[in-house]
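The values are calculated or read from the model by the stated rules, or taken from the named source; none is laboratory data. Worth saying up front: this structure is predicted, and the values here are computed from it rather than measured. Methodologically, a virtual Cβ is constructed for each residue, glycine included, from the backbone with ideal geometry; neighbour enumeration extends over all protein chains shown. The protein model used for the area step is the full one, side chains on, heavy atoms only, and it has no ligands, DNA or RNA in it. Shrake-Rupley method; radii C 1.70, N 1.55, O 1.52, S 1.80 Å.
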Amino acid sequence: MFQSKIVVGTGPQPKVWDAPDFWRTPARCLLVFVLALSAWSFTLYFGPQPPLAPPREELTDGALYKAIAARVAEGESYYVAAPAEQRARGFPLSPAVTVRPPLLAEITAAVGGPVVMGWLLRLTALATFLAFTVRFATILPNPPTRIAATVIAAMSIAVLTPIELAIYHDVWAGMLVALALGLRRPGHWIASIAVALVAVLIRELAAPLLIVMIFGALVERRWREAMAWAVAFVFAITLLTFHWLRIAAIPNTEHLVSSGWFRAMGWPWVVHVYSMTGLLVLFPAAIGAALVPLALLGWTTVERSLALRAGLWMIGMACVFMLFGRVENYYWGALVAPILPIGLAFAPGGIARLIRIAR
């Protein structure tokens, strides 16, 4: 299959290895690791699961965001409305990251409320689907794989388009992250940067995407693109820092302080976050959990430029979630939900390739 040779050692009779031999052991290890991780994820949902008591409607995040947007629509400053609503509902004000950036509330107020935002979310979802459809047409020569990826993309994106979800920052950020990844092509990255910036300014948890994009451009030696993404990262962090400083300056006389997010719940928490948000939630819990490692593997085997960025984004966020997140933060999975299931279309080819190399 490979004609190249790898020569090791010196002397009159150097040892020669075929390239497949060199990759055989890593391929075997990766295949065993992914299948074992999938099996372990499947077993996590055996046995009774502790029920989560639903909070009262007026205490939910969605109700909070609607109330803030309504006050902003009436002409109140975000930095008056948000702290007041969070105090009234018992939400923490410290540290400053507990208060979302103002962009989504400002846009919601400007366009006329959550219903209009719901239709804007659907238009964004359509743009995301079209971006990936065009991308798949150019990088997936195999028709069955291309059709499967397109169908799963339509389903995984559509699941996140109910109008009532348009008030949630994580849903918007996840959709815009997906759109940024779909729009970015070699030599065409300006629109992707603009969309990614909006995602970060809506939800700061999307900021690692900018780091992933910088890294991808550096790996491919696209120096101008790397510089542009670096400028975008500095710009976003600067604006977010101003936001955090304004929130930190607000008196917190009620001592509403977050208990923190460092929980180090490991892979089981990643499985919960990734499988309980988006398309995978439609499967039985154990099956959805088992599909998470396969979807991640699939994304690493698609076209190199897309795999480098999309795969690193989802695997990198999985590493973050292994360390951070509370039980009620399951909605963080919306950051990867629009595109994670698409990896299942690529997984069979990736597994087959690993098996061929491992033989």
Seminar exercise, completed: Measuring from the longest principal axis of the C-alpha atoms of the chain, the long axis of helix 19-43 (C-alpha) lies at a number of degrees, nearest 10, equal to 40
For this session: Taking the dipole about the Cα centre of the chain, with the C-beta of Lys and Arg at +1 and of Asp and Glu at -1, give me whichever of Ala196, Ile351, Ala285 is farthest to the positive side.
Result: Ile351
Exercise. Pairing the Cα long axis of helix 285-299 with the longest principal axis of the chain, what angle in degrees results, from 0 to 90 and rounded to the nearest 10?
Worked result: 60
For this session: When a/c is below 1.5 the answer is rounded, else prolate if a/b is larger than b/c, else oblate, so apply that to segment 120-172 with a ≥ b ≥ c taken from the square roots of the Cα gyration tensor eigenvalues.
Result: prolate
For this session: Arrange the residues Tyr274, Tyr331 by how much accessible surface each exposes, largest first, with a 1.4 angstrom probe.
Result: Tyr331, Tyr274
For this session: Would you calculate, for the chain, the mean residue ellipticity at 222 nm contributed by helices, counting each DSSP H stretch of 4 or more residues as -39,500 (n - 2.57) and dividing by all residues, to the nearest 500?
Result: -20000 deg cm²/dmol
For this session: Please arrange His188, His272, His169 by accessible surface area, largest first, computed with a 1.4 Å probe and ligands excluded.
Result: His188, His272, His169
Exercise. Expressed as a whole percentage, what fraction of the accessible surface of the chain belongs to carbon and sulfur atoms when a 1.4 Å probe is rolled over the protein heavy atoms?
Worked result: 71
For this session: Enter the accessible area per residue of the chain (Å², integer; probe 1.4 Å; all protein chains in place).
Result: 48
Seminar exercise, completed: With Rg from the Cα atoms and Rh as the Kirkwood inverse mean 1/r over Cα pairs, the chain has an Rg/Rh of 1.02
Exercise. If you line up the long axis of helix 143-158 against the longest principal axis of the chain, both from Cα atoms, how many degrees apart are they, to the nearest 10?
Worked result: 10
Problem set entry | Check: the chain dipole with +1 on Lys, Arg Cβ and -1 on Asp, Glu Cβ, in debye | 1300
Exercise. How high is the FRET efficiency from Val32 to Val327, r the C-beta distance, R0 30 Å, rounded to 0.05?
Worked result: 0.45
Problem set entry | Inter-part distance where segment 75-98 and segment 127-143 are each reduced to a Cα centre, Å | 42
Problem set entry | Which of Leu103, Ile157, Ala180, positive extreme of dipole for segment 81-188 (C-beta unit charges) | Ala180
Exercise. To the nearest 10 square angstrom, what accessible area does Arg185 show with a 1.4 Å probe?
Worked result: 100
Exercise. For segment 279-359, what is the relative contact order in percent, using Cα pairs closer than 8 Å and at least 6 residues apart in sequence?
Worked result: 47
For this session: Rank these by accessible area, largest first, 1.4 Å probe: Asp170, Asp61.
Result: Asp61, Asp170
Exercise. Along the charge dipole of the chain, which of Leu126, Gly325, Gly216 sits closest to the positive end, that is, farthest toward it, with unit charges on the beta carbon of Lys, Arg, Asp and Glu (+1, +1, -1, -1)?
Worked result: Gly216
Seminar exercise, completed: Kirkwood-based Rg/Rh on the Cα set of segment 266-359 evaluates to 0.98
Exercise. Hey, how many Å between the Cα centroid of segment 183-226 and the Cα centroid of segment 265-320?
Worked result: 20
